[in-house]
């Protein structure tokens, strides 16, 4: 594949198409209140797991996707992953068993885990900086596009019934056909360091930070339907539109990441955390559809800034030759954050006296403000050399 071909619009779209399904586990969040009505004996935390439990199996298969792709090839591994995601994703359309639905969600996660890190790997293999950094921003935006489109569809499909909302996973099949038709098998780069990869303290710190930010971002997506439907007595369609606005803002921010980073450099990280804090505060104190919408939109700017920055930093903070392991570690952290969100929300809610579904966001606001200050001090004093290497 020539440099010219890899920079064509159709090729770029095909490479990015793999990322469309990565974050779609939470796309059915708007259907959770309706699902809860069908399972009155199941707790809210357990119902919420339908939108997050797949991240557990994502973490497991992430550990093996590199090994599998070396045996089968990147394209075959991505093919298996997308097929599992599509087939298992639509299974709840046919099922009335809560246990079987959870199992199908675990299989969805197993599929996503197979191609999650490979979506980054193919960018690393086909592109070099500065195009590589730009593509990483586009990739983050593509995730947001996928979940935004599917959120809107779920909002309307759930009006029929919640089973129909799971048909959104049929999208995996045309995406797979498009990818297979356009993108050739990338050439894996092998080195003597393949079996000697290791993780250092900076990667661990960034993984913990990413875990927390993803949990915060997912909390918005999971909790908005509960706030809108339960606290404010509005329809699931409204919550779906709010979540779509959240993800749309994430898409726009991801697309603009390269320009934002070139302007404020390392301060993009504390800025991203601050956006989540401000959005959380608005959700708490402007307790209306308008307030939740504005707060969710501002929160949507957080992860694309924080996530894209952290992944762009990998080549400078990871031990030489350990970039693949570092990327996988970060992705595991991100999926751990998403998987743990129901427990994360419960813990945050127990730390203040508010009894409504906005309660967790008050605690989250103060934690994020503290984190913003800590990161800002660290970035100012210690990380200038990393930024110089990236730029």
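I'm told residue 71 meets every condition in (1) surrounded by 16 or more Cβ atoms within 10 Å (Cβ to Cβ); (2) more than 19 Å from residue 15 (Cβ to Cβ) except one. Can you identify the failing condition by its number?
(1)
Surrounded by 22 or more Cβ atoms within 10 Å (Cβ to Cβ) and farther than 21 Å from residue 180 by Cα: which single residue out of 137, 81, 113 fits that description? Write out each step before concluding.
Numbers: 81 fails: farther than 21 Å from residue 180 by Cα; 113 fails: farther than 21 Å from residue 180 by Cα.
So the residue among 137, 81, 113 that is surrounded by 22 or more Cβ atoms within 10 Å (Cβ to Cβ) and farther than 21 Å from residue 180 by Cα is 137.
Determine, yes or no, whether residue 242 is part of a helix (DSSP H, G or I), within 22 Å of the chain's Cα centre (by Cα) and farther than 29 Å from residue 366 by Cβ. Walk me through it before giving the result.
Details: part of a helix (DSSP H, G or I): yes; within 22 Å of the chain's Cα centre (by Cα): yes; farther than 29 Å from residue 366 by Cβ: no.
Answer is no for this residue.
Enumerate the helices (runs of 4 or more DSSP H) found wholly within segment 283-355, keeping only those where 3 or more residues are surrounded by 20 or more Cβ atoms within 10 Å (Cβ to Cβ) and in contact with a helix residue (DSSP H, G or I) (Cβ under 7 Å, 6 or more places away or on another chain).
On the way: elements: 289-299, 302-312, 314-317, 323-339, 341-349.
Once the helices (runs of 4 or more DSSP H) in segment 283-355 are filtered for at least 3 residues that are surrounded by 20 or more Cβ atoms within 10 Å (Cβ to Cβ) and in contact with a helix residue (DSSP H, G or I) (Cβ under 7 Å, 6 or more places away or on another chain), what remains is 289-299, 302-312, 323-339, 341-349.
Tally up the residues in segment 137-173 that are in contact with a helix residue (DSSP H, G or I) (Cβ under 9 Å, 6 or more places away or on another chain) and at pLDDT 90 or above, please. Explain how you work it out, then say what you get.
Going through segment 137-173, the residues in contact with a helix residue (DSSP H, G or I) (Cβ under 9 Å, 6 or more places away or on another chain) turn out to be 137-159, 161-173.
Then drop every residue that is not at pLDDT 90 or above, which leaves 157, 161-173.
Number of matching residues: 14.
Of the residues that make up segment 245-258, is at least one farther than 23 Å from residue 20 by Cα, touching a helix residue (DSSP H, G or I) at 6+ places or on another chain (Cβ under 8 Å) and either free of Cβ contacts under 8 Å to residues at least 12 places away in the same chain or part of a helix (DSSP H, G or I) (or both)?
Filtering segment 245-258 for residues farther than 23 Å from residue 20 by Cα gives none.
No, segment 245-258 has no match at all.
For a quick check of your reading: which helices (runs of 4 or more DSSP H) sit entirely within segment 1-45 and have at least 3 residues that are at pLDDT 85 or above and surrounded by fewer than 21 Cβ atoms within 10 Å (Cβ to Cβ)? Outline the logic, then answer.
Values: elements: 3-6, 9-17, 32-38.
Fully inside segment 1-45 and qualifying: 9-17, 32-38.
The values are calculated or read from the model by the stated rules, or taken from the named source; none is laboratory data. Just so it is clear, the model here is predicted, and its values are computed rather than measured. Counting neighbours? That spans all protein chains shown, and the Cβs are built from the backbone with ideal geometry, glycine included.
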